[in-house]
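Data block below; observations after.
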Amino acid sequence: EWTVPFTRLALLGVLVDLVCNPLVTLIQATGRIRGYYIASSAVSLLTFVLSWVAFAHGAPAYASYVFFIGIYALLNVVKIVAAHRLAGFPVGAYLGGVLLRVLAVAVLSSVATFTVWFFVPAGGWRLISVLAMTVLSLGAFTWLLALSRDEKDFAIDWIRGRLGRVGH
């Protein structure tokens, strides 16, 4: 009964957690990590505290996943602030140049995929349709919204180079 919602929430939680993980490498590279790890550990522990309180008051089983997602979104703020304070990381450029684009691609490709899932009857064709829409919408929205001109040129050159090798 709860397998599908738990799996979806777990995947969403992992995506929220992963979006700012490269910043941890930057923070570690500064060599001044104690404060970051104390703050991030304290914030992470809130998941257990909030889940325990929620369960004590009769919350449903999926509440812990909801807290996990919310707390790890907050933990991303901790990562961004720590990266800025410890390494002078450009927060504005990251928010506009990376996170906003990632969010736009994720939302739009999810809407496109969910639309196919909603309108195609359950079965094998739905599976094929959803998989196809996922690949196509993710690729298209990434190309249109997330890649810079230089990245697009690099991708085109790389593809041309690979296709050139196939013909010879």
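The values are calculated or read from the model by the stated rules, or taken from the named source; none is laboratory data. Given the structure is predicted, the values throughout are model-derived calculations rather than measurements. Because the Cβ atoms are built from the backbone with ideal geometry, glycine has one as well, and the counts that use them run over all protein chains shown. Accessible surface areas use protein heavy atoms only, side chains included; no ligands, DNA or RNA. Shrake-Rupley method; radii C 1.70, N 1.55, O 1.52, S 1.80 Å.
Diffusion of region 20-106 by Stokes-Einstein, at 25 °C in a medium of 0.890 mPa s and with Rh set to the Kirkwood radius over alpha-carbon pairs, works out to 172 µm²/s. A protection proxy built from the mean count of other Cβ atoms within 10 Å ranks the segments 66-79, 109-122, 152-165, most packed first, as 66-79, 109-122, 152-165. With no solvent and one point per C-alpha, what does the Debye sum give as log10 I(q)/I(0) for region 106-168 at q = 0.19, 0.21 Å⁻¹? Once normalised to I(0) and log-transformed, intensities are -0.76, -0.81.
Structural descriptor for the chain: relative contact order 21 percent, calculated from alpha carbon pairs under 8 angstrom and at least 6 residues apart.
Using every pair of separate Cα atoms, the Kirkwood estimate puts the hydrodynamic radius of region 37-76 at 10.2 angstrom.
Put simply, the convex hull of the Cα atoms in the chain casts, on average, a shadow of 14.4 nm². Over the chain, accessible surface divided per residue gives 68 Å², non-protein components excluded, 1.4 Å probe. For Y62, the solvent-accessible surface with a 1.4 Å probe is about 90 Å², rounded to the nearest 10. Dipole orientation for the chain: of the candidates G97, A122, V66, G97 has the Cα lying most toward the positive pole (charges on Cβ; Lys, Arg +1; Asp, Glu -1). For region 104-149, the carbon plus sulfur part of the accessible surface works out to 84%, probe radius 1.4 Å.
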